[in-house]
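Shown next, in structure tokens, is the structure this report addresses.
Here, each number is a calculation from the coordinates, and none is a lab measurement. This is a predicted model, so every value here is computed, not measured. Note: ideal-geometry Cβ built from the backbone for every residue, glycine included; neighbour counts use all protein chains shown.
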Amino acid sequence: MTQPEKLLKEMLLRLTASCTTPAEVVDRLMERNLINRRYAEREAFFHDIVILERTTGSRRMEAIRAVADRYCCSFEKVRDSFYQYLKTQ
């Protein structure tokens, strides 16, 4: 870990030290805009699609449509995020 990363880690630990649950930590970080929403959505979309495919046997496009409905966003946004996630892995 680099020195700047260590300093950021220390700042985040101080910021969240009073939190008693993981949900409070996430809330605090989101309130301060310290979580990249685009990357968080990309992760959530990808995992929800994979879970739907595995548990219900849905085809990929059906799963993407279901996730788009669940998150109240467009099919294209979810589809693009899913394939962008795959590119980064």
Using +1 at the Cβ of each Lys and Arg and -1 at the Cβ of each Asp and Glu in the chain, identify which of CYS72, THR2, THR21 lies farthest towards the dipole's positive end. THR2
Can you give the percent of C-alpha pairs in the chain whose distance is more than 21 Å? 48 percent
Would you mind working out the magnitude of the charge dipole of the chain relative to its Cα centre, with +1 at each Lys and Arg C-beta and -1 at each Asp and Glu C-beta, to the nearest 20 Debye? 200 debye
Between ALA66 and ALA40, with labels modelled 7 Å along Cα→Cβ, what's the label distance in nm to one decimal, could you check? 2.5 nm
For ARG32 and GLN3, what does the FRET efficiency come to when R0 = 25 Å and r is the distance between their Cβ atoms, rounded to the nearest 0.05? 0.65
Once both label points are put 7 Å beyond Cα along the C-beta direction, the GLU24-GLN89 separation in nm becomes 3.4 nm
